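Q: Quick one: structure below, then a few questions.
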Amino acid sequence: MKKEFKKRKIGFINFILEMIIIIFYVPKFLAIYLSPDKFDPKLREGIMIAISEVNDCKVCQYIHKGFGRSVGLTEEEIRLLGQAGEIPFTGRDAEAVFYARAVAEDKHEVAEEILHKWKLSEPKRWRESVIAIVKIF
């Protein structure tokens, strides 16, 4: 069965806004990659695998599954991250993957609810790292 490609239509203003968001988050995103001690590499790649599955980007899936294996994700964890159900993490890491999926699926109310909860319970640096990964991807 051939998969239909969903063409995303974006207006000029929205394109400019997206570019501003990307420019704003690139330094934070690079810091996450270049300083692996500041953010868990397994979670970083888990988030990216989940988003690439939602976006159905085969290139991104291939790259981030490979990166995931290199940082210690098992085949079972990678398989679970590619599905909409169970998440192979616990606690705030599981919420981070759930948040990433919610943003990728345009479930804004869910994403905002998670962010509100994090503001009360999670360190700002951790929150900003998760948000930067999701926004740039």
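Q: Name the residue that is modelled with the highest pLDDT, counting only residues in the stretch 110-137 that are closer than 20 Å to Glu18 by Cα and among the charged types (D, E, K, R). Lay out the reasoning, then the answer.
A: Initial filter on the stretch 110-137 (closer than 20 Å to Glu18 by Cα): 111-112, 128-137.
Of the ones still in play, those that are also among the charged types (D, E, K, R) are 112, 128, 135.
Working: Glu112: 88, Glu128: 83, Lys135: 79.
For the stretch 110-137, the residue satisfying everything is Glu112.
Q: Now for a different question. Hey, among the residues in the stretch 12-57 that are among the charged types (D, E, K, R) and either in contact (Cβ under 8 Å) with a residue 60 or more places away in the chain or surrounded by 13 or more Cβ atoms within 10 Å (Cβ to Cβ) (or both), which one's nearest to Phe89 (Cα to Cα)?
A: Here is the first cut: in the stretch 12-57, the ones among the charged types (D, E, K, R) are 18, 28, 37-38, 40, 42, 44-45, 53, 56.
Next, from what is left, pick out any that are either in contact (Cβ under 8 Å) with a residue 60 or more places away in the chain or surrounded by 13 or more Cβ atoms within 10 Å (Cβ to Cβ) (or both): 28, 38, 40, 42, 44-45, 53.
Details: Lys28: 23, Lys38: 18, Asp40: 12, Lys42: 10, Arg44: 12, Glu45: 12, Glu53: 17 Å.
Going through the qualifying residues, I end up with Lys42.
Q: Continuing with this model, one more query. Touching a residue at least 40 places away in the same chain (Cβ under 8 Å) and buried (at least 19 other Cβ atoms within 10 Å of the Cβ), is that true of Ala132? Break it down into steps so the answer makes sense when it comes.
A: Details: touching a residue at least 40 places away in the same chain (Cβ under 8 Å): yes; buried (at least 19 other Cβ atoms within 10 Å of the Cβ): yes.
Yes: the conditions hold for Ala132.
Per-residue answers, yes or no, for (1) assigned to a helix (DSSP H, G or I); (2) hydroxyl-bearing (Ser, Thr, Tyr):
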site: Gly85; (1), (2): no, no
site: Ala96; (1), (2): yes, no
site: Tyr99; (1), (2): yes, yes
site: Ala102; (1), (2): yes, no
site: Glu112; (1), (2): yes, no
site: Leu115; (1), (2): yes, no
site: Lys119; (1), (2): yes, no
site: Arg125; (1), (2): yes, no
site: Ala132; (1), (2): yes, no
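Q: Going by what's in this entry, would Phe15 be described as in a helix (DSSP H, G or I) and under 13 Å from the mean Cα position of the chain (by Cα)?
A: Details: in a helix (DSSP H, G or I): yes; under 13 Å from the mean Cα position of the chain (by Cα): no.
Considered against the rule, which asks whether it is in a helix (DSSP H, G or I) and under 13 Å from the mean Cα position of the chain (by Cα), Phe15 comes out as no.
Q: For the stretch 8-30, indicate whether the set of residues that are modelled with pLDDT of 90 or more, over 21 Å from Ala111 (Cα atoms) and charged (D, E, K, R) is non-empty. Before you say what the answer is, go through the steps one by one.
A: So in the stretch 8-30, the residues modelled with pLDDT of 90 or more come out as none.
Among the residues of the stretch 8-30, not one is modelled with pLDDT of 90 or more, over 21 Å from Ala111 (Cα atoms) and charged (D, E, K, R), which makes the answer no.
The values are calculated or read from the model by the stated rules, or taken from the named source; none is laboratory data. Treat the numbers as computed from the prediction; the structure is a model and nothing was measured. Backbone-built Cβ (ideal geometry, glycine too); neighbour counts: all protein chains shown.
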